[in-house]
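Below is one structure, written out as structure tokens, with a few remarks after it.
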Amino acid sequence: MSFTAFIALVRRDLHLFFMDRRAVIMSFVAPILIASFFGYVFGGASADQPASRIAVAAIDQDRSAISKHVLAALGADKALEVKSAGLEPARAAVRDGKTTVAVVIPAGFGDGAAKSLLRGGDKPEMQLLYDPSHNAELAMVRGILTQHVMEAVSSEAFSGGTGGTGGAGPGLSMSFSMPYTVREEAVTARQGVKYNSMAHSFAGMSVQFILFMGIDAGVMVLLLRRSGVWSRMRAAPISRFTIIGSRAASSAIVAMMILCVVFGFARVVFGVRIEGSFAGFAGVCIAFAIMTAAFGLLVAVLGKTPEAARGIAILATLLLVMFGGSWVPTFLFPQWLQSASFAVPTRWAVDGLDATIWRGASFTAALGPIAAMLGFAVLFGAIALWRFRWDGPA
């Protein structure tokens, strides 16, 4: 009898588990999606899906045969996407996050490098302007650049194309050395300002956990509806838009308070400063808070019960923070996924915070992320008001 009861209890628990949509989603679907995402991003590109290319700006101030050879080889490299640019536009592109590395080949580089390869002496200096949040890509560009420079300089030196450097000649030592030096400069808000990696960490985690707060706000709406509070409030002489709007406003205020506390802590403990426009930073925070409030309202219409809505919303939030770059920087994504990630509001939130905190973005530059997040807020709010059931089941 006891064994029969044991089996019956196990069957009952399994039945209850699979009847709970939240448990099924979080236990089966969430780990599959998250594991697939990280495996795809970090597992390398497949044969039919090439990896994203590193954006490189090339500034040729030398215009010698060697510099042209180097830039042609860089442009043909499958790992790089090379575009010619002027020095200041390239610096601005690196600062804005549109370009990863800018390669500056100075005047006289070709002649000096060819002579230095065989004779030593003074070496020309090449400059690399780089995005400090892309250190791994900088190392890759540095290695590729070294290969192509050595190939170009060696070919030109031994062909005699630089005048007097071809061939060893009587009494000329054949001791080889690196024919140039590299000066690297991290491009941040302005010269002298060091990159603080904590800035991106706090931006990403703030976005994630404020969205979780939005889930709680949405679930609370469903709990109030289940308890009959909404029905009693609607009997009062106030419109339903006032009722639902007040709930959204309180969520937005809480989101702003969280952002203030989190970044206040980051400033005091880790020295994270707002290097860009403070008005732009405030605008991004306000837009994200409003979007979070609308997201909370959207959560309220995603499930018939608070339990079902919470499960779906948690999964949706995990997807938003993954594709938005809160966990993994978006530059690590394949190229198609980098473009697709602009379709989620978290990408705009993280990029907007990064831009105004450490990239030194102006208020004008922050208007794009602000407008995008407000657009998502309008979309979420409109859907929530359209689908919300005022007299739902208990």
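Computed values, structure above
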{"quantity": "Pairs of Cα atoms farther than 17 Å apart, region 206-267, %", "calculated": "48"}
{"quantity": "Kyte-Doolittle at least -1.0, axis length at least 20 Å by Cα - qualifying DSSP helices, the chain", "calculated": "2-19, 135-159, 198-227, 240-270, 278-299, 306-323, 363-387"}
{"quantity": "Calculated on alpha-carbon atoms, Rg and Dmax of region 310-394 in Å", "calculated": "15.6, 51"}
{"quantity": "Sequence-separation-based contact order of region 328-382, relative, with Cα cut under 8 Å and 6+ spacing, percent", "calculated": "30"}
{"quantity": "For region 261-394, with +1 on Lys and Arg beta carbons and -1 on Asp and Glu, the positive-most of 382, 358, 289 along the dipole", "calculated": "382"}
{"quantity": "Whole-number D in µm² s⁻¹ for region 94-160, Kirkwood Cα-pair radius fed into Stokes-Einstein, 4 °C, 1.567 mPa s", "calculated": "98"}
{"quantity": "Value at 222 nm in deg cm²/dmol, rounded to 500, when DSSP H runs of n ≥ 4 in the chain each add -39,500 (n - 2.57)", "calculated": "-20500 deg cm²/dmol"}
{"quantity": "Relative contact order of region 183-332, defined on C-alpha pairs under 8 angstrom at six or more residues apart (%)", "calculated": "39"}
{"quantity": "Top positive-direction residue, dipole computed over the chain with Cβ charges, set 70, 222, 144", "calculated": "222"}
{"quantity": "Amide H contacts under 5 Å for residue 80, placed H, 5+ residues apart", "calculated": "54"}
{"quantity": "Dipole magnitude (debye, nearest 20) for the chain, charges at Cβ of Lys, Arg, Asp, Glu", "calculated": "1700"}
{"quantity": "Largest-first ellipsoid semi-axes for region 195-313, taking √(5λ) over the Cα gyration tensor eigenvalues, angstrom", "calculated": "33, 16, 10"}
{"quantity": "Kirkwood hydrodynamic radius over Cα pairs of region 63-123, then Stokes diffusion coefficient at 37 °C and 0.692 mPa s, in µm²/s", "calculated": "250"}
{"quantity": "Coordinate range along principal axes, alpha carbons of region 315-364, Å, largest first", "calculated": "32, 23, 17"}
{"quantity": "Cα Rg over Rh - the chain, Kirkwood", "calculated": "1.15"}
{"quantity": "Percentage of interatomic Cα-Cα distances in region 221-378 larger than 18 Å", "calculated": "66"}
{"quantity": "Peptide ranges 317-330, 334-347 listed from the most packed, as the mean C-beta count within 10 angstrom indicates", "calculated": "317-330, 334-347"}
{"quantity": "Amide H contacts of residue 272 (H built 1.01 Å from N, under 5 Å, at least 5 apart or other chain)", "calculated": "267"}
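Where a number appears in this text, it was derived from the coordinates with a stated rule and is not lab data. As the structure is a prediction and not an experimental result, all values here were calculated from the model. Reconstructed Cβ throughout: ideal geometry from the backbone, glycine too, with neighbour counts over all protein chains shown.
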